[in-house]
Amino acid sequence: MKLSKSFFYTIRENAKDEDSTSGNLLVRAGMIKKSSSGIYMMMPMGKRVLQKIENIVREEMDNSGAQELLMPVLIPEEIYEKSGRREAFGANMFALKDRYQKSYVMGPTHEELFTIAATMKGSSYKDFPYNLYQIQTKFRDETRPRYGLIRVREFIMKDAYSFDVDEAGLDVSYQKMFDAYKNIMDRLNLRYKIVKADTGAMGGSLSEEFQAITDIGEDVVVGCEGCDFSSNLEVAPVIDQSQQQEAAELEISCVQTPNAKSIEEVAQFFDRPVEDFVKTLIYRVDQKTYAFLLKGNRELNETKVLKLLKANEIEMADFAEVERVTSAKVGFAGPVGINCPIIMDQEVAKMKNFITGANKTDHHFVNVNLKDFEVECVADIAQVHEGDVCPNCGKHLTFDKGIEVGNTFKLGTKYAEALHLEYQDEHNKLHPVQMGCYGFGLGRAMAAVVEQHHDEAGIIWPASIAPYEVAVVIVNVKDEEQLKAGNALYEQLQQAGFDVVLDDRKERAGVKFKDMELIGVPYRITVGRNAKDGIVEFRARCDSENTEMTISDVEEHLRKILR
């Protein structure tokens with residue numbers, strides 16, 4: 001491409017409404033442009049990058065034996081109702097009606113349609129296994145779009161679905177996709193961790209996430225200093241190392257605690273560490289109110305609660321509901337005499353003589369013990385902390401931030417049972433098909449690469465997905481010898497199969513150099529005043545110095561580097 005005859009622009013100033021490095025640099029590099037909150041135009045230079053990511057994903061999927069198809073975006077709402085997921089998605093799903101008042105949704109994901117498509121393949125066990133995939137636009141009405149392409153309302157995703165007759169077959173299909181994802185991440189030059197995660201609205205028995213490690217990541221990736229344990233924060237178990245307290249149980253008493261509501265304030269009032277306190281948190285879970293008991297230094301893990309109660313939605317109770325179940329102002333909730341079911345964290349079960357709210361304004365109970373109240377169940381409902389004990393080796397857990405670029409699920413028979421996808425075994429008996437699901441976010445991958453690979457000058461793309469592998473920059477297009485040499489080199493490299501751009505704009509050399517650095521072209525060849533002698537300057541994006549070489553050596557030099 002010749003820039004003098006193309007749609008090309010860059011922006012010198014930082015984007016005012018972008019809250020991430022990748023969002024800012026992609027906007028400045030003329031690769032994306034926000035059209036509304038969480039929705040972006042993909043401009044020509046960005047589309048080239050996205051297309052190359054798509055090519056890598058497609059190659060790895062095809063190599064794994066998957067077959068590509070394309071599903072519609074507009075889906076009858078009743079399909080999600082049949083699978084039981086309409087309620088789970090809730091307001092995150094864009095919904096609309098056609099002129100006949102039939103309800104549709106904009107597809108947030110396509111498990112249901114792939115399951116329906118699979119019914120067309122026949123029903124004999126001999127028809128399996130197979131794997132289908134698409135690269136398609138998805139829509140989710142995010143509450144708070146942010147971080148450029150990382151949290152958006154419209155995005156391009158590759159989703160694949162495997163179909164098998166039993167769990168052993170699903171294991172084989174899953175491993176193929178797992179390996180394909182590792183190949184994709186490696187080819188994109190991403191630093192990543194693979195972590196266990198919550199299955200959420202997708203359902204199934206296993207979920208693993210491919211997390212690109214970056215400071216801007218929305219997810220906390222839990223690792224270990226001593227082994228290869230990895231997990232998403234949402235599902236990381238808390239290993240209870242506390243000992244059963246041997247102290248005698250003392251008599252409970254009520255103490256007036258004026259102006260002491262928070263754990264920290266109450267701890268200061270009693271001059272005792274927060275670990276001696278039990279906090280009582282009031283939540284609404286699927287419209288039912290619960291009290292959750294945790295040690296004073298712990299936070300509630302909402303994902304664990306949803307899984308424990310097999311629920312879809314959880315939110316903190318409002319002030320009116322808290323006051324109803326406690327008969328007190330907010331800040332004094334406790335388990336003794338509370339008017340709702342209690343779920344207790346496992347660590348609290350070993351405590352004695354602890355302090356809680358008294359369900360009475362400005363009062364707390366001292367020397368509370370388990371005999372003083374009843375619980376519905378005891379479980380691990382706490383959020384893990386950095387430095388907690390690893391469940392595998394016993395050493396300390398570490399935290400990183402990550403961007404979830406890909407995920408893999410063992411769905412089992414959830415969708416097959418809901419949508420009647422069955423196969424007939426050799427004895428003519430019907431069984432539900434075992435399914436796997438495998439998603440990969442192309443825009444997220446693009447953003448994650450920029451988050452990991454950039455400097456103060458701009459983006460540093462890996463050559464595999466850079467908009468162009470090499471830029472030929474003519475310093476002075478008014479100089480006929482430079483112009484002739486630059487055009488000839490550009491055509492030579494094109495014919496040799498390189499992805500090359502020619503900067504032949506009537507701009508100062510410094511502007512051209514800065515633009516090529518900003519958009520992240522890996523290699524730059526400068527055609528300047530020495531072109532008359534057959535000499536050009538070669539420079540890699542991350543190098544600080546130019547290297548002179550003859551024009552006749554450029555092609556071979558690039559071939560060694562790029563091929």
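The table below gives the values:
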{"item": "The lone exception for M41 - which of (1) in contact (Cβ under 8 Å) with a residue 24 or more places away in the chain; (2) surrounded by fewer than 13 Cβ atoms within 10 Å (Cβ to Cβ) it fails", "result": "(1)"}
{"item": "Verdict on A463 being in a helix (DSSP H, G or I) and either buried (at least 21 other Cβ atoms within 10 Å of the Cβ) or of a type in the set (A, V, I, L, M) (or both)", "result": "no"}
{"item": "Top-ranked residue of segment 544-560 - restricted to ones that are in contact with a strand residue (DSSP E or B) (Cβ under 8 Å, 6 or more places away or on another chain) and in contact (Cβ under 8 Å) with a residue 60 or more places away in the chain, ranked as farthest from A496 (Cα to Cα)", "result": "I551"}
{"item": "Positions within segment 420-442 being surrounded by fewer than 24 Cβ atoms within 10 Å (Cβ to Cβ), in contact (Cβ under 8 Å) with a residue 60 or more places away in the chain and outside any strand (DSSP E or B), in sequence order", "result": "H420, L421, D425, E426, L442"}
{"item": "Selection within segment 20-38 - under 16 Å from G443 (Cα atoms) and open to solvent by 30 Å² or more (accessible area, probe 1.4 Å)", "result": "T21, K33, K34, S35, S37"}
{"item": "Of all residues making up segment 10-30, the number that are within 16 Å of V49 (Cβ to Cβ) and in a loop (DSSP other than H, G, I, E, B)", "result": "3"}
{"item": "Complete set of residues in segment 425-440 that are touching a Gly at 6+ places or on another chain (Cβ under 7 Å) and of a type in the set (G, A, S)", "result": "G439"}
{"item": "Residue in segment 476-486 that is closer than 23 Å to S4 by Cα, β-branched (V, I, T) and surrounded by fewer than 20 Cβ atoms within 10 Å (Cβ to Cβ) present", "result": "yes"}
{"item": "Strands (runs of 3 or more DSSP E) enclosed by segment 57-160 - at least 1 residues per element that are β-branched (V, I, T) and either open to solvent by less than 30 Å² (accessible area, probe 1.4 Å) or over 22 Å from P432 (Cα atoms) (or both)", "result": "74-76, 103-106, 130-139"}
{"item": "Single condition E264 does not satisfy, out of (1) within 25 Å of N297 (Cβ to Cβ); (2) touching an Asp or Glu at 6+ places or on another chain (Cβ under 8 Å); (3) of a type in the set (D, E, K, R); (4) not in a loop (DSSP other than H, G, I, E, B)", "result": "(2)"}
{"item": "Filtered residues of segment 540-563 (kept if assigned to a helix (DSSP H, G or I), among the charged types (D, E, K, R) and more than 39 Å from the chain's Cα centre (by Cα))", "result": "D553, E555, E556"}
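Residues are listed down the side, and each one gets a yes or a no for (1) open to solvent by less than 50 Å² (accessible area, probe 1.4 Å); (2) assigned to a helix (DSSP H, G or I); (3) in contact with a Gly (Cβ under 7 Å, 6 or more places away or on another chain); (4) modelled with pLDDT of 95 or more:
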{"site": "V278", "(1), (2), (3), (4)": "yes, no, yes, yes"}
{"site": "R284", "(1), (2), (3), (4)": "no, no, no, yes"}
{"site": "V305", "(1), (2), (3), (4)": "yes, yes, no, yes"}
{"site": "V325", "(1), (2), (3), (4)": "yes, yes, no, yes"}
{"site": "V330", "(1), (2), (3), (4)": "yes, no, no, no"}
{"site": "G337", "(1), (2), (3), (4)": "no, no, no, yes"}
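The values are calculated or read from the model by the stated rules, or taken from the named source; none is laboratory data. The shown structure was predicted, so the numbers you read here are calculated from the model rather than taken from an experiment. Neighbour counts are summed over all protein chains in view; Cβ atoms, including those assigned to glycine, are modelled from backbone coordinates with ideal geometry. Accessible surface areas use protein heavy atoms only, side chains included; no ligands, DNA or RNA. Shrake-Rupley method; radii C 1.70, N 1.55, O 1.52, S 1.80 Å.
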